[in-house]
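Q: I am attaching a structure below and will ask some questions about it afterwards.
Read-outs throughout are calculated quantities, based only on the coordinates presented, and are distinct from any laboratory measurement. Here the structure is a predicted model, which is why all the values come from computation and not from measurement. All Cβ positions, glycine included, derive from the backbone under ideal geometry; neighbour counts span all protein chains shown.
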């Protein structure tokens, strides 16, 4: 039997543009891993169509059908664990996760946030960046902890805030950077190249990892 490569499970709620970036990078760069499943809390999430077209297993688990947040997360974990993932990726999954869920996947649960954390944690990041008058904005990939948008930072990318920026134009430039840094960070996590000390993360290259 062929050797099983590590699997990735990706959680989405919408278009899944970061899902697409990760799936494409996995294929184009010949990662020693595979995207095993995509799970959404919304049946109408366009990202499900993208995944299905590529033969990736897709599931819908509607949060509105769960008696409680805890019940939802336990069922979600059951479905995730069926694929024995090395990494669980949040790619626009618009759900607050319970501490139980986060602890279950500690060290292998990763997220991207559209700001330069710790600035503008939470929602409406682009509007808040414009209102605050910052000159730089961007995206952050971080490991997930129980505190929202506060886990150890793996990667960041900055974009200038232009005088004529709108929320939409700023968001578009930030999203371009997300598509670059998120696949890189997911691959580093898969390959065991992250060294976490408290809130600081060092990303090793292949030479450093081999030492």
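Q: Relative contact order of the chain: what whole-number percent is it, with Cα pairs under 8 angstrom and at least 6 residues apart?
A: Values: 378 pairs, mean separation 38.8, N = 211.
Reported as a whole number, the value is 18 percent.
Q: Where does each of 12-23, 159-170 land if you order them by average Cβ count within 10 Å, highest first?
A: Working: 12-23: 21.5, 159-170: 13.2.
For the peptides 12-23, 159-170, the packing ranking is 12-23, 159-170.
Q: With the contact rule set at Cα under 8 Å and sequence spacing of 6 or more, what percent relative contact order holds for the range 111-211? If you can, show how the numbers build up before the last one.
A: Numbers: 157 pairs, mean separation 25.3, N = 101.
Once normalised by length, the contact order is 25 percent.
Q: Of the candidates 119, 43, 82, which one comes out as most mobile in a Gaussian network treatment of the chain with C-alpha springs shorter than 10 Å?
A: For the chain, modelled as a Gaussian network with Cα springs under 10 Å, the answer is 82.
Q: Something else about it: In nm, what is the difference between 0.36 nm times the number of residues separating residue 44 and residue 131 and their Cα-Cα distance? Don't skip to the end; give the middle numbers.
A: On the way: separation 87, 0.36 × 87 = 31.32 nm, distance 3.24 nm.
Taking residue 44 through residue 131 to full extension adds about 28.1 nm, to one decimal.
Q: Let me ask something else. Over the chain, what is the percentage of antiparallel beta bridges among all DSSP beta bridges, to the nearest 5?
A: Numbers: 15 of 33 bridges.
Among the beta bridges of the chain, antiparallel pairing accounts for roughly 45 percent.
Q: With a cut-off of 8 Å between alpha carbons and a minimum separation of six or more residues, what is the relative contact order of the range 75-170 in percent?
A: Working: 137 pairs, mean separation 24.2, N = 96.
Contact order relative to length: 25 percent.
Q: Which parts of the range 80-122 would a label at residue 199 reach, counting a residue when its backbone N lies under 13 Å from a point 7 Å out along Cα-to-Cβ?
A: So the set is 117-121.
Q: So, one more: Estimate the FRET efficiency between residue 94 and residue 208 by the formula 1/(1 + (r/R0)^6), using the beta-carbon distance for r and 30 Å for R0, to the nearest 0.05. It would help to have the intermediate numbers written out before the result.
A: Values: r = 36 Å, r/R0 = 1.20.
The value I calculate is 0.25.
Q: Tell me, in nm to one decimal, what length is gained between residue 150 and residue 70 on full extension, where the rule is 0.36 nm per residue of separation less the Cα-Cα distance? Present the calculation step by step, with values, prior to reporting the outcome.
A: Working: separation 80, 0.36 × 80 = 28.80 nm, distance 2.11 nm.
My answer for the length gained is 26.7 nm.
Q: For the chain, modelled as a GNM with alpha-carbon contacts under 10 angstrom, which of 108, 64, 79 fluctuates the most?
A: Maximum among the listed residues: 64.
Q: Please build a GNM for the chain, connecting alpha carbons under 10 Å apart, and tell me which residue among 172, 139, 86 fluctuates the most.
A: 172
Q: Another question, if that's okay. So what's the gap between the Cα centers of the range 129-149 and the range 166-204, to the nearest angstrom?
A: 12 Å
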